[in-house]
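To start, the structure itself, in structure tokens.
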Amino acid sequence: MSTSSCRFHKWLPVVALLSLAGPMLPGTVTAAEKLFDFGSLNVDLSRVQARPQPAGAPEPAASETVKQAPAQQLPSTPESPAPRVLPRDGQEDIAATLKAEQIAVAPVAVAAPAGQRLSVVYPVTEDRPVIEVKIAAGSEKRGWLEEAAARFMADPSRNSLDGKPIRVVIDKIGSIQSGELILSGRTMHGGRNEYQVWAPASSIFRGVVEDAFTGGKLFESDESVARSPMVFVTWAPVQEAVDRVIEKSMSFDTITEIFSRELRGEVIDPNGRSFQFGFTRPEDSNSGAVALIAMAYEFFARDRGRYLIRMDDLQDTQFQAYLALIKYMSDQTKTSTGKLAEPLMQAGYGGQPLSSVYVYENLAVKLAFIRRANDPGGPQPVIRYPKYNLVSDHPYYTLRHGNSREQVEAALRFRDYLLTKEMQLWALQREGFRPVSTEISNEEMSQVLGDFVAENGLVPDLVKASQILIPAQKGEVVRALIQTYEALGDPKGSNL
């Protein structure tokens, strides 16, 4: 282990604990300043934290509280790391697995969700002394947005418009739940919209919301403010066994094969435990809905670079049986991705039941950070990128409906602040989000992410991370897919 790496491991627990003691002071973040000092994860850190140093241990020297940049940089070149290719990669056989297990489920009728059409109301009169910008944001961005809001409102050059102060409020609410509230009209009160910005984890639900409105442009802006691809995170002993026995990269096809083997009595986990897979409930969480889209795309696309999932596809009896098997065999007790990752951060391998989870990449990096701080010699999480991936683009939708021109302008100002190099670096360093700003250099990315490439399987090059990126799907199909999944009962099979 290099000298700089030794120093990094030594001060990690101290920095993590110091960050829990109170919020960071506003200020410019440099690329090498307290990297991965996660002051406020989007999980309950009252129990999830790095272990304190032993009593009487000396405080780290000032020179040891700055992580040195690793020698390896991460440019987007042919030499940059890429996912492993295993012998059976590309041999998707979900249908064969279902046939072998004789999986069937009572069919569910698929119908396009009905809904009312609302008319865009813009602008409303700004007659209040304070210009409020209330943001409906997924929990995965709460820490970043709250820090940015505090800095924004403390900056005299940004915090007022036409002589009125700007107040930015972050409302932590699930991406799907907030979208449903907007499209149903339940965010409107007395002719004004409760929200000025909708900031879900991804744009998969955009079409559903937009389709509910007529008579004008709903969004003034729709820029992405961060990125986080979806990943499978599996404990190293289990991942090594999957690589050796299944010989395929992690995917929902691989998960299906593991379930099939276990139904026939084979145990994959070298600890002798059943393989437990978890993802969030699709009706409550964006990452769960993304999982369903990935399952459908993997089932129907079959190596096609672009494919639009159709309503007719959802009625396929074999596809419904596949969804039913995944639903029956998986842990779906969590309504947010943060809550799904929390037990893994806290307890590690052996201290909680899950073998593998499907989460945002930034949460996977947080998990790796916490486990390395708590148990550097123990089993670590391994990040694997699915062949078919949907990169969560974290859009920032400025809503016109039910808002004033001043509120729209203030919301756009805050968006611009989120895209500054300072706040993009903060999101990268404290939350693990990939920046969208071209001002962040490969060297700065390497300073933050370098240690996680070799040790945990992180792939810095998004082009290489996944072979096929899932294109945007129709809103009505996404909604119908979620509703179909909810309605499915338990499957039947030869070994169930």
Check: Does any residue of region 274-292 turn out to be more than 16 Å from the chain's Cα centre (by Cα), among the small types (Gly, Ala, Ser) and not in a loop (DSSP other than H, G, I, E, B)?
Finding: no
Next item on the list: Determine which member of the set 119, 157, 139 is under 23 Å from residue 415 (Cβ atoms), of a type in the set (S, T, N, Q) and loosely packed, with under 12 Cβ neighbours inside 10 Å.
Entry: 157
Next item on the list: Tell me, please, whether a residue that is closer than 30 Å to residue 237 by Cβ, at pLDDT below 95 and among the hydrophobic types (A, V, I, L, M, F, W, C) can be found in region 429-447.
Entry: yes
Check: Do you know which residues across region 397-417 are farther than 10 Å from residue 220 by Cα and aromatic (Phe, Trp, Tyr)?
Finding: 414, 417
Item checked: Those residues of region 360-385 which are among the charged types (D, E, K, R) and either in contact with a helix residue (DSSP H, G or I) (Cβ under 9 Å, 6 or more places away or on another chain) or crowded, with 22+ Cβ neighbours inside 10 Å (or both), in sequence order -> 361, 366, 371, 372, 384
Notebook entry, point to check: Within region 448-470, how many residues are modelled with pLDDT of 85 or more and among the polar types (S, T, N, Q)?
Noted result: 1
Next item on the list: Would you mention how many residues in region 290-308 are surrounded by 21 or more Cβ atoms within 10 Å (Cβ to Cβ) and touching a Lys or Arg at 6+ places or on another chain (Cβ under 9 Å)?
Entry: 1
Next item on the list: Out of the residues in region 190-207 that are modelled with pLDDT under 95 and under 18 Å from residue 227 (Cβ atoms), state the one that is surrounded by the fewest Cβ atoms within 10 Å (Cβ to Cβ).
Entry: 203
Next item on the list: Filter the strands (runs of 3 or more DSSP E) completely within region 153-265 down to those with at least 1 residues that are free of Cβ contacts under 8 Å to residues at least 40 places away in the same chain and over 22 Å from the mean Cα position of the chain (by Cα).
Entry: 164-172
Notebook entry, point to check: Any chance region 332-339 includes a residue that's surrounded by fewer than 16 Cβ atoms within 10 Å (Cβ to Cβ) and either within 23 Å of the chain's Cα centre (by Cα) or closer than 22 Å to residue 468 by Cα (or both)?
Noted result: yes
Next item on the list: Exactly one condition in (1) assigned to a helix (DSSP H, G or I); (2) at pLDDT 95 or above is not met by residue 106; state its number.
Entry: (1)
Margin query: When the residues of region 386-430 are narrowed to those that are surrounded by fewer than 24 Cβ atoms within 10 Å (Cβ to Cβ) and β-branched (Val, Ile, Thr), which ends up nearest to residue 186 (Cα to Cα)?
Written below: 408
Item checked: Set 433, 452: member being aromatic (Phe, Trp, Tyr) and within 30 Å of residue 329 (Cβ to Cβ) -> 452
Next item on the list: Pull up region 372-388, narrow it to residues that are charged (D, E, K, R) and more than 9 Å from residue 456 (Cβ to Cβ), then point me to the one that is nearest to the chain's Cα centre (by Cα).
Entry: 384
Item checked: Filter result (outside any loop (DSSP other than H, G, I, E, B) and among the β-branched types (Val, Ile, Thr)) within region 459-493 -> 463, 468, 477, 478, 482, 484
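The values are calculated or read from the model by the stated rules, or taken from the named source; none is laboratory data. These numbers were taken from a predicted model, which means no experiment stands behind them. Note: ideal-geometry Cβ built from the backbone for every residue, glycine included; neighbour counts use all protein chains shown.
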